[in-house]
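Please read the structure below before turning to the comments.
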Number of protein chains: 2
Amino acid sequence: MIELENLSEIINNALRDIDYPSQPAGLYQPIAYILDCGGKRLRPVLTLAACQAVCGDSAKALNQAMAMEMFHNFTLLHDDVMDKADLRRGRPTVHRKWDEATAILSGDALLTLATMRVSMNAGEHLHDVMTLFNKTAMEVYEGQQNDMDFEQEDDVTIEQYVEMIRLKTSVLLGAACEMGAIMGGADEKVRRALYTYGEKLGLAFQLQDDYLDTYGDALIFGKEIGGDIVNNKRTWLLVTALAADESGKLRKLIEHCPVANSEKIAIVMEIYEKLNLPQLCTDAIRSYVDQAVTAVKTAGLSAADEKFFVDLALSTIGRTH
Amino acid sequence: MIELENLSEIINNALRDIDYPSQPAGLYQPIAYILDCGGKRLRPVLTLAACQAVCGDSAKALNQAMAMEMFHNFTLLHDDVMDKADLRRGRPTVHRKWDEATAILSGDALLTLATMRVSMNAGEHLHDVMTLFNKTAMEVYEGQQNDMDFEQEDDVTIEQYVEMIRLKTSVLLGAACEMGAIMGGADEKVRRALYTYGEKLGLAFQLQDDYLDTYGDALIFGKEIGGDIVNNKRTWLLVTALAADESGKLRKLIEHCPVANSEKIAIVMEIYEKLNLPQLCTDAIRSYVDQAVTAVKTAGLSAADEKFFVDLALSTIGRTH
């Protein structure tokens, strides 16, 4: 039976046991630092789970699972430099703890280490895992570039927004699932089913993030509510509201905000509620969860394995059964 | 017969013909910009030449040759951000022409494109070319980290300096040669001989760069003479002079320089000449050229092909025969 906690622990142990060269310390210490954060390790867990589901042995995909997590952390490392972020998971970001040059260079090294890891013990699957890994990487960069471009653009459509988050975050979850399927020897149909599952799950997760930043419980969500509104962050909610903003009131408010943050949050939330966005956003999340569930059901997994993936998807919307 | 100009043209044409996606422009335009610089294209030329020398057909290594040049330009792109450089080959650097986030992200994408390119049509050699490429990339990062560390350190030995430039620049020339040999189907002995040739050639080139910055002809060298001295850049000359600086006079001069640049250049050059460094540096360059020539002569190439590599090495020190 596939258990999330077991798989998380396998990944956390494997990442902790990586044997870095001791020198130059300035190159390898930041890599060990960013990879040492514990947590659920969703992406590599999906890789191990997919591999176990198709061949009964998650260990066959351990290196590829680690590669997924390493690649993910490489993107966080460089994104934090680009966004000038100070904190990541409650700790100083690499470019704050060290400096910017260190963050750029150790990020580059982490990308190459991830590339090395994905081909490790890949055997007959070497070509397939490399192709999937590199294609996914390019999509993630395109998503990040779109994200940066959208911050400067006034009229982003909801379709453009969804395509941006699909590239920036969802394809990596899709690839994580397919990577495990490849290493487990699955055929094309199963690979595609698991890829689609991960991709739709990723969209549901990202929209849920957008939703919880405004409508979550601060204690459970782990950060202040309304931060996205204060920062004018393009989210599903804001992009949808701006598209419906015929009077220009919302646009004016976010361009030259004349009021305090708490008042801005209240005004924007009122606009969201008039447009019924809390409900529409929840509906959109549920739709992506349904699409993920539908996809995984075409993979022909055992009932118990299928349940793991279905439960994980349902947990996105607070349902566990 | 192997001809440098022919091979340069093949590479320049192939790089110009890369078909990038049109969107997002912010990701792909900087990549096309940095790759569009003409020039000798030493690294990919070495790959094509090595492949032609071992199997008679340089085309077999075209993708791998392009990958070498793409990787080289990725390192330049990120190094320029780390060094805050304004100009590269007489044009604004990517982070000046666009911005820093663009330079980081398009550099990441260029590294992944290079990785994709190196595995393209690699056939049975896929594992070998990937292994060489990734190992070399890690060494280049280590060299760059050492270089940054040395700027903060007082007592760098000449052995540490040579090891730093070996990692930062020479291993890529070694890998470029071996990459061509692999794609041409060469055996381990020939691969090693050509790698060593490239590595020693790289050391000779870098030391020649150090030498010419102080002793070159400004018109031929293409930049102001003495820039390294003005900037206290750790070069073979400065590192060697500092190691012999028992009075501490040179160290004091570079730490708190009380005189104008032209005077500083004159004083430092006088110290170099007292230590006989122009001659010793020329001797060191000649020694690396000799080692490169010796290495390539063990590869068992045809006389004509061997002459190409020997002449290229000898051209480093102004000898052409």
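The values are calculated or read from the model by the stated rules, or taken from the named source; none is laboratory data. This structure is a prediction, so every number in the text was calculated from the model and none was measured. When we count neighbours, we look across all protein chains shown, and the Cβ atoms used for this are built from the backbone with ideal geometry, even at glycine.
Residue-wise test of (1) in the same structural domain as A:Val296 (by TED's automatic domain parsing); (2) farther than 25 Å from A:Gly185 by Cβ; (3) buried (at least 17 other Cβ atoms within 10 Å of the Cβ); (4) among the β-branched types (Val, Ile, Thr).
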position: A:Ile34; (1), (2), (3), (4): no, yes, yes, yes
position: A:Leu48; (1), (2), (3), (4): no, no, yes, no
position: A:Gln52; (1), (2), (3), (4): no, no, yes, no
position: A:Arg91; (1), (2), (3), (4): no, yes, no, no
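Here are some conditions: (1) in a helix (DSSP H, G or I); (2) more than 8 Å from chain A (Cβ to nearest Cβ); (3) surrounded by 17 or more Cβ atoms within 10 Å (Cβ to Cβ); (4) not charged (D, E, K, R). B:Val156 meets all but one. Which one does it not meet? Result: B:Val156 passes all but (1).
Please work out which one of (1) closer than 30 Å to A:Ala284 by Cβ; (2) part of a helix (DSSP H, G or I); (3) more than 10 Å from every other protein chain (Cβ to nearest Cβ) is the condition A:Phe133 fails and give its number. For A:Phe133, the failing item is (3). Looking only at residues in the stretch A:244-258 that are surrounded by 15 or more Cβ atoms within 10 Å (Cβ to Cβ) and hydrophobic (A, V, I, L, M, F, W, C), the one that is modelled with the highest pLDDT is A:Leu250. Across the stretch A:13-31, the qualifying residues are those that are in contact with a Leu (Cβ under 9 Å, 6 or more places away or on another chain) and among the hydrophobic types (A, V, I, L, M, F, W, C), and the one among them that is nearest to the other protein chains (Cβ to nearest Cβ) is A:Leu27.
On the stretch given as the stretch A:160-193, residues that are within 13 Å of A:Phe133 (Cβ to Cβ) and out of contact with any Cys (no Cβ under 7 Å at 6 or more places or on another chain) total 8. Please identify the pairs in which a residue from the stretch B:261-283 that is assigned to a helix (DSSP H, G or I) has its Cβ atom under 6 Å from the Cβ atom of a residue that is aromatic (Phe, Trp, Tyr) and at pLDDT below 95, counting only partners at least 6 apart or on another chain. Within 6 Å, the pairs are B:Pro278/B:Tyr215; B:Cys281/B:Tyr211. Screening B:Ala85 against (1) more than 9 Å from chain A (Cβ to nearest Cβ); (2) touching a Ser or Thr at 6+ places or on another chain (Cβ under 9 Å); (3) assigned to a helix (DSSP H, G or I) leaves a single unmet condition, (3). Among the numbered conditions (1) within 14 Å of chain B (Cβ to nearest Cβ); (2) in a helix (DSSP H, G or I), the only one that A:Ala50 does not meet is (1). For the stretch A:105-137, residues that are more than 18 Å from A:Ala61 (Cα to Cα) and either in contact with a strand residue (DSSP E or B) (Cβ under 6 Å, 6 or more places away or on another chain) or crowded, with 19+ Cβ neighbours inside 10 Å (or both) total 9.
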